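Data first, discussion second: the structure below is written as structure tokens.
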Amino acid sequence: MSILVDETKKVIVQGITGREGMARTKLMQRYGTRVVAGCTPGKGGQEVLGVPVYDTIREAIEQSEGIDVSVIFVPAPLVKHAAMESIAAGIKLLVIVPDRVPIYDVLEIAATARDKGARFVGPNTLGLLSPGKAVFGMMGGSAASAKDWFLPGRVGVSSRSGGITSSIAYYLSRAGVGLSTIVHAGGDAIVGMDHPAIMEEFEADPETDAVVMFGEIGSSQEERVADLIETGKFTKPLVAYIGGKGAQSGTRFSHAGAIIEGGRGTHEGKVKRLREVGATVVDNFGDIPDAMKSLVRPMETAKIRIDK
């Protein structure tokens, strides 16, 4: 089983006729994702990689007999319109890949999504992947690498860094620890599904036994995960690594969402809080696979091709 993403979900790609939309549609198709439609206003009637393109989301839904997920590859200033159109049409999960989406646009998307019972991952996300099932977005870079690198199994991954998301999944798989779902929550200050929301999904998944979380300084996401553990709302083993140990107050670290201000969101505070509630927090990134192997039984060691 997996959370949010699997081979049964029908996907529309907004911005499919653009360079990124076209390239990532090819990745998703080759991995096994059911891309049933694309949407680019003014380009209706075309086909991209065998996928029909429509002018509007509603037209696409009618012709496709329903769509479960929208993956958005449009310029940042157009993201709000694209997301609002999908939510208004009844799509319940959006994956917002672009970065530099205006923060007030994200706030409006979040408010509308809450009102309509929809959810979104991102913005500024590589997306999410369930090994051997499907990928929404651009996780893995190519279908061949995603298939070679990520071993199916029972450990979830949630991360605030795109590159680190793939790295964690790769090193766990190489160590024989299979993965249920890999989620890049997104690196912006405000995202749709943050660490706590993702942990709640993993908690409800009967085929996820444990989770790895890559956290960073800034925001209170990791502290709120600790709150979930403390209140019994997340009960599965958690291995965490918090980036940004050397950053000083007021310093931006890697992402727009990783900033320490007013004593909140510090590395020390996050580590202390997670350890207080029983999470396994490693000091070195390379210790993640061994820490997880001490908590769950590894599968047969993955045979992963390393391209030269």
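Here are some notes:
- Among Ser166, Ser219, Ser180, residue whose mean-square fluctuation peaks in a GNM of the chain (springs only between Cα atoms under 10 Å): Ser219
- For the peptides 73-80, 9-16, 282-289, the ranking by packing is 9-16, 73-80, 282-289, with the highest mean count of neighbouring Cβ atoms within 10 Å listed first.
- Members of Lys9/Lys236; Lys9/Lys116; Lys10/Lys116; Lys43/Lys133; Lys147/Lys270; Lys9/Lys233 lying beyond 24 Å, as alpha-carbon distances in this model show: Lys9/Lys236; Lys43/Lys133; Lys147/Lys270; Lys9/Lys233
- Seen against the Cα atoms of the chain and their longest principal axis, helix 79-88 is set at about 80 degrees.
- Debye, to nearest 20: dipole size of the range 83-177, +1 on Lys, Arg Cβ, -1 on Asp, Glu Cβ: 380
- Amide H contacts of Arg154: Gly178, Leu179, Ser180, each under 5 Å away and 5 or more positions distant or on a separate chain (H built 1.01 Å from N in the peptide plane; Pro and chain starts excluded).
- GluC sites (Glu not before Pro) restricted to DSSP loop in the range 64-150 with at most 14 other C-beta within 10 Å: Glu65
- Per-pair calculated FRET efficiency, R0 = 22 Å: Ala204 and Glu7 via Cβ, rounded to 0.05: 0.65
- Principal-axis tilt of helix 162-174 within the chain, Cα atoms, nearest 10 degrees: 70
- Of all DSSP bridge pairs formed entirely within the chain, close to 20 percent run antiparallel.
- Helix 19-31 vs. the chain, principal-axis angle (Cα, 0 to 90°, nearest 10): 70
- One decimal place: the segment Arg114-Asp287 gains 58.5 nm when fully extended, by the rule 0.36 nm per residue minus the C-alpha distance.
- Secondary structure note: in the range 1-125, about 10% of the DSSP beta bridges are antiparallel.
- Within the range 77-118, the proportion of Cα pairs with more than 12 Å between them is 53 percent.
We did not get these values from a lab; they are worked out from the coordinates using the rules stated. Nothing here was measured: the structure is a model prediction, and the numbers come from that model. Note: ideal-geometry Cβ built from the backbone for every residue, glycine included; neighbour counts use all protein chains shown.
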